[in-house]
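Some notes on the structure that comes next.
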């Protein structure tokens, strides 16, 4: 039983960097999106924007672009579309690889009565393309994009939407896992008993702990040992 003394019935797992290997894919898609808006790699504005993107990994991508383009909705939407198109092209080219042990960890959790929801900052079509490319459409109970819940991370909406849709009784029965501070913060705000950071993605142990992580794991592959011990 987890240290919280509440049996976990739902695990909300981030996708890129947590269950799906990133390997620079997000930055590559971002570079394409910014260039499409006239912000060229190597310039000061681009480097400043890239620093912001790295600091806000895990957030809804459209929210990031709104911040970068001073809430100019037309430009933000154009940049977000370019980002999703570039990421989708990488998916279509076979660029998606699971974090080692992630599918097995998910299967183990579900076979032990823990429901699993994947969450992402990507738009729903990109999420679905990733799931299809990995053969994960039937691997999980639910997969949510920000538009499915109202707001993306760092808000708690996706976690709470998963709890409602999967009919879990108590936020104390929820575990949230991700590789970024925003993943962690969304879990803390949702009231999850277990909020675990993983070392396979964007942020450091210190960043994850500062955001409120109750645990930091080497990988999501270690999650069954934590939740089912």
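Of the residues that sit in region 148-168 and are part of a helix (DSSP H, G or I) and in contact (Cβ under 8 Å) with a residue 60 or more places away in the chain, which one is surrounded by the fewest Cβ atoms within 10 Å (Cβ to Cβ)? Talk me through it step by step, then tell me what you get.
Our first condition is that a residue be part of a helix (DSSP H, G or I); within region 148-168, this holds for 148-149, 157-165.
Subsequent filtering for residues that are in contact (Cβ under 8 Å) with a residue 60 or more places away in the chain retains 158-159, 162-163.
Working: 158: 30, 159: 29, 162: 27, 163: 24.
Per the criteria, the residue is 163.
Can you tell me how many residues in region 26-36 are surrounded by fewer than 17 Cβ atoms within 10 Å (Cβ to Cβ) and more than 19 Å from the chain's Cα centre (by Cα)?
Residues that pass the stated criteria total 2.
Limited to region 87-102, what total is found for residues that are in contact with a helix residue (DSSP H, G or I) (Cβ under 9 Å, 6 or more places away or on another chain) and without any contact (Cβ under 8 Å) to a residue 40 or more places away in the chain? Write out each step before concluding.
So the first thing to find is which residues in region 87-102 are in contact with a helix residue (DSSP H, G or I) (Cβ under 9 Å, 6 or more places away or on another chain), and the list is 87-92, 94-102.
Cutting the leftovers down to without any contact (Cβ under 8 Å) to a residue 40 or more places away in the chain gives us 89, 94.
Counting residues in region 87-102 that are in contact with a helix residue (DSSP H, G or I) (Cβ under 9 Å, 6 or more places away or on another chain) and without any contact (Cβ under 8 Å) to a residue 40 or more places away in the chain gives 2.
Among 129, 143, 175, 124, which is crowded, with 18+ Cβ neighbours inside 10 Å and more than 16 Å from residue 106 (Cα to Cα)? Quick ask: steps written out before the conclusion?
On the way: 143 fails: more than 16 Å from residue 106 (Cα to Cα); 175 fails: more than 16 Å from residue 106 (Cα to Cα); 124 fails: crowded, with 18+ Cβ neighbours inside 10 Å.
Sole residue among the options that is crowded, with 18+ Cβ neighbours inside 10 Å and more than 16 Å from residue 106 (Cα to Cα): 129.
Report those helices (runs of 4 or more DSSP H) wholly inside region 169-229 carrying at least 3 residues which are farther than 18 Å from residue 17 by Cβ and touching a residue at least 60 places away in the same chain (Cβ under 8 Å).
Numbers: elements: 181-190, 205-211, 223-228.
Helices (runs of 4 or more DSSP H) meeting the threshold: 223-228.
Kindly indicate which of 103, 125 is farther than 28 Å from residue 204 by Cβ, within 17 Å of the chain's Cα centre (by Cα) and part of a helix (DSSP H, G or I). Spell out how you get there, then give the answer.
Working: 103 fails: farther than 28 Å from residue 204 by Cβ.
Going through 103, 125 in turn, just one is farther than 28 Å from residue 204 by Cβ, within 17 Å of the chain's Cα centre (by Cα) and part of a helix (DSSP H, G or I): 125.
Between 107, 129, which is under 18 Å from residue 18 (Cβ atoms) and either in contact with a helix residue (DSSP H, G or I) (Cβ under 6 Å, 6 or more places away or on another chain) or in the same structural domain as residue 59 (by TED's automatic domain parsing) (or both)? I'd like the intermediate steps shown before the answer.
Numbers: 107 fails: either in contact with a helix residue (DSSP H, G or I) (Cβ under 6 Å, 6 or more places away or on another chain) or in the same structural domain as residue 59 (by TED's automatic domain parsing) (or both).
Sole residue among the options that is under 18 Å from residue 18 (Cβ atoms) and either in contact with a helix residue (DSSP H, G or I) (Cβ under 6 Å, 6 or more places away or on another chain) or in the same structural domain as residue 59 (by TED's automatic domain parsing) (or both): 129.
Kindly list the number of the only condition in (1) under 20 Å from the mean Cα position of the chain (by Cα); (2) farther than 26 Å from residue 215 by Cα; (3) crowded, with 21+ Cβ neighbours inside 10 Å that fails for residue 56.
Every listed condition holds for residue 56 apart from (2).
The values are calculated or read from the model by the stated rules, or taken from the named source; none is laboratory data. The shown structure was predicted, so the numbers you read here are calculated from the model rather than taken from an experiment. Note that each Cβ is placed from the backbone with ideal geometry, even for glycine, and that neighbours are counted across all protein chains shown.
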